[in-house]
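The values are calculated or read from the model by the stated rules, or taken from the named source; none is laboratory data. Computed from a predicted structure; not experimentally measured. Note: ideal-geometry Cβ built from the backbone for every residue, glycine included; neighbour counts use all protein chains shown. Just so you know, the surface numbers come from the protein's heavy atoms only, side chains and all, with ligands and any DNA or RNA stripped out. Shrake-Rupley method; radii C 1.70, N 1.55, O 1.52, S 1.80 Å.
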Amino acid sequence: MTEQQAIQQAMRYFDSGEFQQLLARRVACVTESQRADRDSELHHYLHQEIGPQLAALGFTLRFIDNPTVGNPPFLLATRIEEASLPTLLVYGHGDVVFGDDENWREGLNPWRLTEEGDRWYGRGSADNKGQHCVNLAALEQVYHARGGRLGFNCKILFEMGEEISSPGLAELCRQQQELLRADLFIASDGPRVSAPRPTLFLGSRGAANFRLTINARDNAYHSGNWGGLLSNPGTQLASAIACLVSAHGVLQVEALKPDSLSAAVRAILSDIEVGGMPGDPELAAHWGEPGLTAAERLYGWNTLEVLAFETGNPARPMNAIPGKATAVCQLRFVVGTDWENLVAHVEAHLRAHGFDSVQVDFLRGSPATRLDPQSPLVSWALESLAVSSGKKPALLPNLGGSLPNEVFSDILGLPTLWVPHSYPACGQHGVNEHMLKSVAREGLQIMTRLFWQLGEEGEALMARQHACQGARP
């Protein structure tokens with residue numbers, strides 16, 4: 001069978017309704033990893049949904065307990081056709097955020113796939129069940145088209161805790177590096193730049209959450225009796241935050257700005273339009289780092305966001321000067337940022353501006369990652385996406401959000417390619433989450449060709465990649 005015949009076979013499979021039925025069954029699995037009472041559903045998804053599909057393709061299944069006790073399990077499926085062939089590592093997660101059942105629009109249920117026009121509604125339809133269903137279906141089509149072969153070796157890692165920050169994933173990859181050894185990584189998560197435009201991204205921005213606190217005194221005091229005499233920690237903390245990020249969203253801490261927005265990255269981002277599609281929020285005028293385009297601010301720069309701020313009792317405010325104020329902030333950052341010294345940099349900046357009473361506590365963080373855009377793998381994937389879709393694909397040096405990409409790029413040392421099958425207005429993590437049927441169909445076409453081409457060109461492609469890596473100083 002030829003490449004074109006394999007793609008036509010994949011389109012017949014999709015148009016028959018079989019893909020929709022598969023996704024509907026998986027959406028019905030209530031895999032909320034944020035709830036302690038969903039363990040049986042999480043295990044069911046791996047053992048009864050993903051496992052049998054991969055076993056039918058000749059994968060050897062290994063169900064692995066989480067290295068961090070009490071957290072969700074993993075599945076590693078392995079198919080080795082020939083030791084000399086390149087090995088692909090694929091990743092997906094089967095857990096979802098809270099269903100939030102009572103807040104979905106009338107007629108919709110997070111655990112029932114509902115079709116309305118081009119939309120398939122259901123929790124996990126976009127994040128990540130719909131996306132990994134596309135990729136597994138594409139592997140399936142290539143396997144059948146080649147008469148029971150892929151043309152490359154393949155390992156597939158599934159986790160059930162991505163929505164709770166992937167506990168144990170890094171530990172698993174450190175412990176099982178030989179078992180997970182591969183040549184390249186391809187997965188799907190996050191959104192495209194826009195619904196119509198196929199997208200390839202090469203990593204993700206990092207995220208670091210930290211808490212700011214001012215403890216002025218143990219009690220609140222009547223504002224009429226003590227106003228003007230006692231410091232107000234709420235006022236002080238608001239001013240301290242304004243010292244870190246301006247009223248127009250501009251990061252003020254020079255030590256936390258990146259050094260990686262090169263001319264080459266700006267050239268890549270010059271082709272990217274952000275927002276403007278149905279369902280997208282209106283972009284704020286004059287917000288963020290001046291002198292940068294919207295794409296550069298989102299994909300090539302750092303932002304400091306205030307996620308929560310509390311002083312006094314917001315639910316029942318009283319005429320009293322509060323004794324404490326606290327805020328949780330987040331730095332979203334790209335490669336080339338000294339984020340590991342975030343606390344020291346924030347403290348130094350605050351002290352330099354007279355805010356000695358602010359306590360800074362690091363909460364959690366994950367690094368930024370980015371595959372070199374000059375990698376031969378990038379041009380190969382872009383060409384494949386263009387041929388499959390008949391469109392010019394968008395290339396992003398990294399996703400604006402965060403994914404556990406550092407596990408694959410840093411711990412396992414793999415070049416990482418992400419091909420998303422969702423779009424920005426999909427309702428991910430909110431109510432009325434949905435996948436676009438048109439994007440899912442195009443995604444299956446894209447991934448079928450990508451995997452087919454890997455079977456055709458994989459050895460030569462990886463030779464070029466290794467030569468490119470060896471040529472770097």
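Working from label points 7 Å from Cα in the Cα-to-Cβ sense, the Val250 to Leu283 distance is 1.8 nm.
In this structure the amide hydrogen of Gly58, modeled in the peptide plane, comes within under 5 Å of no amide hydrogen from residues 5 or more places off or on another chain.
Normalised by the number of residues in the range 357-473, what is the relative contact order in percent for Cα pairs under 8 Å and 6+ residues apart? Could the numbers behind the result be given before it?
On the way: 65 pairs, mean separation 37.3, N = 117.
Reported relative contact order: 32 percent.
Each Cα pair under 8 Å and six or more residues apart adds its sequence gap; the mean of these over the residue count of the chain is a relative contact order of 25 percent.
Rounded to the nearest 10 degrees, the angle from helix 376-389 to the longest Cα principal axis of the chain is 70 degrees.
The string of couplings for the range 159-174 from the Karplus curve (6.51, -1.76, 1.60, θ = phi - 60°) is 10, 10, x, 4, 6, 10, 6, 6, x, x, 5, 5, 4, 4, 5, 5 Hz, one whole number per residue in order, with x for Gly and Pro.
Solvent-accessible area of Glu162, all protein chains in place: 30 Å² (probe radius 1.4 Å, heavy atoms, ligands and nucleic acids excluded). Of the GluC sites (Glu not before Pro) found in the range 315-389, no site is in coil according to DSSP while having at most 10 other Cβ atoms within 10 Å of its Cβ. Over the residues of the chain, the helix contribution to mean residue ellipticity at 222 nm works out to -9500 deg cm²/dmol, using -39500 (n - 2.57) for each DSSP H run of at least 4. In sequence order, the range 282-296 has phi-based couplings of 6, 6, 6, 6, 6, 10, x, 4, x, x, 10, 6, 4, 5, 5 Hz under the Karplus curve 6.51 cos²θ - 1.76 cosθ + 1.60, θ = phi - 60°, and Gly or Pro positions carry x. So how far, in whole Å, is the C-alpha centre of the range 38-70 from the one of the range 394-462? Cα centres, the range 38-70 to the range 394-462: 22 Å.
Whenever you get a sec, compute what percent of the accessible area on the range 1-104 sits on carbon and sulfur atoms (1.4 Å probe).
Details: 2200 of 4700 Å².
Looking at the range 1-104 in its full context, I get 47 percent from C and S.
Between rounded, prolate and oblate, where does the range 411-473 land on the alpha carbon gyration tensor, with a ≥ b ≥ c its root eigenvalues, rounded for a/c under 1.5, else prolate if a/b exceeds b/c? Mind dumping the intermediate values first?
Numbers: a/c = 4.33, a/b = 1.90, b/c = 2.28.
In terms of gyration-tensor shape, oblate.
Run the numbers on the range 1-77 and let me know its relative contact order in percent, using alpha-carbon pairs under 8 Å that are six or more apart. Could you put the intermediate results ahead of the total?
Numbers: 51 pairs, mean separation 14.6, N = 77.
This gives 19 percent for the range 1-77.
The long axis of helix 3-15 is offset from the longest Cα principal axis of the chain by roughly 60 degrees.
Axis angle, to the nearest 10 degrees, between helix 129-145 and the longest C-alpha principal axis of the chain: 20 degrees. The apolar share of the surface of the range 170-246, taken as the fraction of accessible area on carbon and sulfur atoms (1.4 Å probe, ligands and nucleic acids excluded), comes to 45 percent.
For the range 43-108, what is the accessible area per residue in Å², given a 1.4 Å probe and the full set of protein chains? Please report the intermediate quantities before stating the final value.
On the way: 2900 Å² over 66 residues.
Heavy-atom accessible area per residue stands at 44 Å².
Packing order of peptides 425-431, 440-446, 462-468, highest average first: 440-446, 425-431, 462-468 (average count of other Cβ atoms within 10 Å over each peptide's residues). The computed Cα extents along the principal axes in Å for the structure shown corresponds, within (1) 113, 41, 40; (2) 85, 54, 44; (3) 64, 54, 37, to (2). A simple spin-label model places pseudo-atoms 7 Å from Cα toward Cβ; at Asp100 and Ala386 they are separated by 3.9 nm. Put a dot 7 Å past the Cα of Ala264, heading toward its Cβ, do the same for Phe63, and the two dots end up 4.6 nm apart.
Computed in the context of the full set of protein chains, the accessible area of the range 271-321 at 1.4 Å probe radius has 57% of its extent on carbon or sulfur.
Give me the accessible area per residue for the range 182-341, probe 1.4 Å, as a whole number in Å². That works out to 48 Å² for each residue.
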